[in-house]
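Reading through the structure tokens given below for one structure.
The values are calculated or read from the model by the stated rules, or taken from the named source; none is laboratory data. None of the values given here were measured: they were computed from a predicted structure. With ideal geometry, Cβ positions are generated from the backbone for all residues, glycine too; neighbour counts draw on all protein chains shown.
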Amino acid sequence: MENSVKPHRLVGFLEKCAIPSFKHVTIHLCIAIVLLVIFFMTLKDLAVIGGGSFVSITSSISAASGALLAISLALAIFFSRYITDWRDKLVDRLEKAQIELAHQMTRSAKNHPEISDRLTELYLQSYMYIRGQTVDTEEILRASKIFNEWATAKALESQSGNRTFSFSSLDTYESLEKHLFDANQSCRHVRESLMLLSAAEKASRAIVVFPPLMASWAVIFLLSLIFAFIGGMGILDVGAYFPMLLMLLYLIVVSLIALIISSGNIVTFVTRGFEKGHEIAMAQLAARQTKENKIE
């Protein structure tokens, strides 16, 4: 399960090397300039493009890069709104789960106060959550463990003593076993809501790749306009036109890779947003439980 939420190695490598930050924009621009110099020194006499063709190509590139800049901006706005709506739904879900847990603690406090005591830490974790904050999953799991381990031991005792409850008998609704059952459900709802909020917060970090991507398209747009002006004015030797196009081609390929990967990530979250968040949250929980079992 944990491996299923990880991208393919090649995709992960391209994602890291494309344009995840403004630093990478600068790095790729420097690489493009170096390539321009190398191509000019090696190809200026081998591949010659006419001034009219060069202006037409660079003008087309400027128009395409402007359109892709607008697309990147639209994707950034859409993804930001989508993640915000998803987080708000999870916050509403957490609030309902918190009310459910508080009600259960009130019920259990009458005859089984030990249940309420062991639910207190998890309740406080949910109560102190502030919209948009980073959720510490380790703390959530630790708080949940306070109740779960004790409840598991009590459930085993009840099972060995043949003590049970029946949904059709009101006489058993105030038994320890029924309270354990209800408390476990309330605990799970709060824990899962907080874990999913953690997944949503991690997903929201993906939005930071869009400003550098938009900056990259803006650089391509400006360079293509400048090159079109240079070609139209005939300032440089025609031998420099082909290397200049190769420079733009390098920047375009890098930016397209970043845009495709970012778009793919958005499609994944739009089509499987809640499921993917649940998958991440459960992978974190499974990894934690496996680690604890190894320690034991």
Exercise. Taking interchain pairs and intrachain pairs at least six residues apart, which have beta carbon atoms under 8 angstrom, with the first residue in region 86-102 and over 18 Å from Ser116 (Cα atoms) and the second of a type in the set (S, T, N, Q) and surrounded by 14 or more Cβ atoms within 10 Å (Cβ to Cβ)?
Worked result: Arg87/Ser204; Leu90/Ser193; Arg93/Ser193; Leu94/Ser126; Leu94/Ser193
Exercise. Of all residues in region 105-120, how many are part of a helix (DSSP H, G or I) and out of contact with any Ser or Thr (no Cβ under 6 Å at 6 or more places or on another chain)?
Worked result: 10
Problem set entry | In region 236-261, residue surrounded by the fewest Cβ atoms within 10 Å (Cβ to Cβ) [restricted to those that are without any contact (Cβ under 8 Å) to a residue 12 or more places away in the chain and within 20 Å of Ile38 (Cα to Cα)] | Val253
For this session: Scan region 215-230 residue by residue and report those that are surrounded by 24 or more Cβ atoms within 10 Å (Cβ to Cβ) and either on the phi > 0 side of the Ramachandran plot or under 27 Å from the mean Cα position of the chain (by Cα) (or both).
Result: Ser216, Trp217
For this session: Please enumerate the residues belonging to region 128-147 that are over 16 Å from His112 (Cβ atoms) and in contact with a helix residue (DSSP H, G or I) (Cβ under 7 Å, 6 or more places away or on another chain).
Result: Tyr129, Arg131, Thr134, Val135, Thr137, Glu139, Ile140, Leu141, Ala143, Ser144
Problem set entry | Only listed residue being under 36 Å from the mean Cα position of the chain (by Cα) and of a type in the set (Gly, Ala, Ser), chosen from Ser56, Ser62, Ser108 | Ser62
Exercise. Is it the case that Asn184 is modelled with pLDDT of 85 or more, among the polar types (S, T, N, Q) and closer than 18 Å to Ala102 by Cβ?
Worked result: yes
